[in-house]
Each structure stands twice: as C-alpha cells, then as structure tokens.
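Below: the structure, in structure tokens.
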Amino acid sequence: MKFAHLSDVHLGGWREPRLRDANTRSFCAVIERCIAENVDFVLIAGDLFNTSLPSMDCLKIAVQKLKQLKDRGIPVYIIPGSHDYSPSGKTMIDVLEHAGLAVNVVRGDIVEDKLKLKFTVDPKTGAKIAGLFGKKGGLEKHYYYDLIKDHLEAEPGPKIFLFHSPIAELKPAELAGMDAMSLSLLPRGFDYYAGGHVHVVQHERLKDYPNVVYPGPVFPNNFAELEKLDCGSFVLWDHGKITHEKILLHPVVKMSIDAQDKTPAEINALLEQQAHDYRNAIVLVRIEGVLRQGKPNDITFTAFADACIAKGAYVILRNTNKLESKEFQEITISKASVEDIEDALVKEHAGQLKMMPADQEITLAKELMRALSAEKDEGERVADFEKRISQDVDKLLGF
C-alpha cells in the first residue's frame, strides 16, 4: 500500500499575489508528485481552501488537479478543516464530493447521543479510513468526547484515521498557548494517524498510536513559517516506510537587521548593502530593536525591495513587529476590558503625531479601529469585503 498525506493547502491564503501563486504551484507540484509516485490514494487532512467560499480561481485549480487524480484512478479521501467551514456549517468539500472528485470520510450515525463513525474502505488496497473534521476554536474536541471508539479499535485490517486538531502531548514549544486535545481522545490501534491544522513537520511513534504524523503545510502560510520551514511538504507512506517530501519552488533567503539605537538612515544604508542578486528567491527581512530617533516609516524599505526585484528576486517580505521608536514610548496599563485598553492606548499616544488637535486624533483613531475591525459578511466575496473596508477608511480620512 502506498499513499500520500497532505494537509493545510490553504488555496487562496496569501494576499501577496506572487506568494498566492507560489502556494497554488506548490499544491500542483504535490499532486503531480502523487501521480508520478503512482500512489494508491491521497489523504487530505483538512484546510484545502483558506476560506469556506474560495474564489473561482482557487476552485478551478482544485477541481483541475483532483480530476487529474480521478482520471488516473487515484481516489482522494478528505476531511474538512477549520478554514473549510462557514459559520453556517457549509463547506465546499461537499461540492467536491458530489462531483465525484473526493470522498469525505467523516460519516457515521448518532447512537444514544453518541457518535458512531463508519469506515470508508479503499477498494484497491482494502485500507479502512475514518476521521473527524476540524472546527474553528478547537470546537471539534467536543465530538471526540462523544465518540464511540470500541468498534473502531476492534476493526481488523489496515486502518487510517484523519484528524484536524493539535495534540497536547505533541505540541512544540512555540505552540504552547494553543488549545489542544489529549492524544487519548483518538481511537487506539490504527496503523496511521493523518494529522492536520498544526503547521509542523512531525512524526511520533507512541504506545497504542504507532504513527501520528503531521505533514506540514503544502506551502508556508506566513512570514514565520517561511523562516522556519523554507518550503512546503507532504508525506509519502510506501509499504510502511514514511518520508517527508519537500516541495522547494523558491530558495528562501533570511536577513536579520538589529535596529537597536540606530537611525532610519543607518538602517537604509544596511539594507542598501544587502541588495544583492537573490535569483528567484523569497527574501525575508526581519528588523528588530528600538530606533535611536525617527520612526519606522522613515526606513525606505521599498527602495531595497525594488533593487532586489530588479536583480531577479521573486518577492521581498519584511517583518517589523519588534521594531520600535523612542518617539512612541512603551506604556503600562491595567484595564479590565479590551475597550478600556484600546481607549487608554489611544489617549496615551494622542498628540504625538501633531497632525491635528488631540481630541480629533482620538476620535479619528477610534473610528478607524471600528472600521478596520469589521468582519466579512456571510457570502460576501473577499474582493468586495476588501473594497468595502477600503471605502470606509478613505471616507474617514477624507480621500
């Protein structure tokens, strides 16, 4: 038996167009590898899409690649992930299943207020596959509490369980704050546990749980993941041998600049020195520290990025989350609610920009925060949502 295990594709997830394209190409590369490896079937452990209502482009590429697998007699067994579900409980995975392009293995009955899952049997290999979906906020945990496990554990033959949840005993240090469920909530004795949701590359062999595997995302989903993982990956199971397969489309160049006690002009000079020929690379620039004077916006990062792109870099990303200015001093507050904290922060910083009277600045800041915190309406296209937010902000700023 030979199969591929992938998860967290997040088609359409990147806002940056070139990285959104790289994400799509990485998914295509994985499917092409599955075909080249002549796998018996493919497992997708949730989050094929980044949203429950993906764009037509995302849906088109998903259908195209899944149909290629179907045409070659390679079935796809899938579970919905936390990003695949809408608040109303709808998911595009149902559409793919009705089209015959994938099989949602989350199926079962309610027996005396308990959930009794059924196996989906792969006709070629006889592998018995079951699974549970993922929900936002870890809400799927409650389904595990109500799961009848005896019949799942007693079933003979090769068995695979798909899940889209973090496991408390397996969480890496950087995810310590993430809500997770106990490993004991999974049914015991399966040959392979195909995990998703946690964007890590991990394979653990534990008592009663011989192969608990997270394949990592098909393509990194943010700056930090690009720093850590460099590229996307998936897993191949080949008659009991497990390998993590990397999909490297672009080399990743990592650059770190210490801005402590420096001026924006000094940072600009450092960036200019680093504007090399990063052919086809994703260049990551992390700038940290407290500037001696000036503001972070005084750093002309665009000039550096344009110079690198002109020399062949694929895309340039920066992270300035830990870059501060002495013009905006750190403040310490103790408030009971989010609203109190926001109010205190706005009032504390009011007047520093000296662009308008402090009271007007406070009012504008609060109105901007309200506008930018708006959520996408059910059924609203991403482009329409972004346009609505942009128009609201432009109106507030008088553009």
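Looking only at segment 37-60, count how many residues are among the β-branched types (Val, Ile, Thr) and farther than 21 Å from Val235 by Cα. Residues in segment 37-60 being among the β-branched types (Val, Ile, Thr) and farther than 21 Å from Val235 by Cα: 1 in total. When the residues of segment 359-397 are filtered to those that are among the small types (Gly, Ala, Ser) and either loosely packed, with under 15 Cβ neighbours inside 10 Å or over 26 Å from Lys326 (Cα atoms) (or both), the one that is modelled with the highest pLDDT is Ser390.
Picking from residues in segment 45-74 that are closer than 24 Å to Ser165 by Cα and touching a residue at least 60 places away in the same chain (Cβ under 8 Å), the one that is farthest from the chain's Cα centre (by Cα) is Leu53. Of the residues making up segment 204-234, those that are surrounded by 16 or more Cβ atoms within 10 Å (Cβ to Cβ) and more than 26 Å from Ala281 (Cβ to Cβ) are Glu204, Tyr209, Asn211, Val212, Val213, Tyr214.
With the condition kept exactly as written, say whether any residue in segment 118-133 is assigned to a helix (DSSP H, G or I), surrounded by fewer than 21 Cβ atoms within 10 Å (Cβ to Cβ) and in contact with a strand residue (DSSP E or B) (Cβ under 6 Å, 6 or more places away or on another chain). The answer is no; no qualifying residue exists. Any residue in segment 286-306 that is assigned by TED's automatic domain parsing to the domain that holds Gln260 and in contact (Cβ under 8 Å) with a residue 40 or more places away in the chain? Yes: one or more hits. I need every pair where a residue in segment 90-108 that is assigned by TED's automatic domain parsing to the domain that holds Leu69 has its Cβ under 7 Å from the Cβ of a residue that is in a loop (DSSP other than H, G, I, E, B) and basic (Lys, Arg), sequence separation at least 6 or different chains. As it stands, the answer is Arg107/Lys118; Gly108/Lys118, since those pairs meet every condition given. When segment 194-234 is filtered for residues that are of a type in the set (Ser, Thr, Tyr) and farther than 26 Å from Leu139 by Cα, only Ser233 remains. Among the residues of segment 73-109, the ones that are out of contact with any strand residue (DSSP E or B) (no Cβ under 9 Å at 6 or more places or on another chain) and either crowded, with 17+ Cβ neighbours inside 10 Å or under 20 Å from Tyr144 (Cβ atoms) (or both) come to 2 in all. On the given criteria, is Asn38 at positive phi, surrounded by fewer than 23 Cβ atoms within 10 Å (Cβ to Cβ), in contact (Cβ under 8 Å) with a residue 24 or more places away in the chain and polar (S, T, N, Q)? Yes: the conditions hold for Asn38.
The values are calculated or read from the model by the stated rules, or taken from the named source; none is laboratory data. Predicted model only: the values in this text are computed from it and were never measured. Cβ sites come from the backbone with ideal geometry, for glycine too, and all protein chains shown count toward neighbours.
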